[in-house]
Amino acid sequence: MADKENHEKSLTDIEEIEEKIYLVRGQRVMLDSDLAEVYSVSTKRLNEQVRRNIDRFPDDFMFQLTEQEFESLRSQIATSNKQRGGRRYLPYAFTEHGAVMLASVLNSATAIEASIKVVRAFVKMRSILALHQDLADRIEQLEKVAYKYNQDFRVVFQLLGEIKRDPKFLKRKIGFVEEKKGKSK
């Protein structure tokens, strides 16, 4: 029974983490403040550890948001305003690899456990996106096939229309047709 409760709690944690994964610069990332919450440390301490171990965080692991990116995210996630005691610096965004690297620099049992959940959340999101992409690809293929057949039928109907209008194919009277007098050949 306890295993089932732990599993359900873990799934809830993963879903909560998924909600904190954003798309910035074409990459799925988590903000430093969200990761600090997940790893049970302050944002200040997390960023302190990052600065002390900056060589472990290349550009594809972490980057600082621009003012525009932060404003765009702020409208989506309701972060506090600078004037009201909120952030004074632009946040850092961590990719999946950067989030895992954080666990190694924070070096605590909580960080290790949390990094596993973070990785699972990123993996789950990636598989969901892959499924959606697969469905989109299949729909596109169906549309192409339908368009091709539609074009084929359009050609058939066009030819039928031309045949119907062509005098050679119009209904002719059967039998002998008498020429009118006065016409010469």
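No value in this document is a laboratory result; all are computed from the given coordinates. Values in this document were obtained by computation on a predicted structure and should not be read as measured data. Here Cβ is always computed from backbone atoms with ideal geometry, including for glycine, and neighbour counts include all displayed protein chains.
Structure notes:
- Inter-label distance for Gln76 and Val123, nm, one decimal - labels placed 7 Å from Cα along Cα-to-Cβ: 2.4
- Packing-based exposure ordering (other Cβ within 10 Å, fewest first) of Ser72, Ser127: Ser127, Ser72
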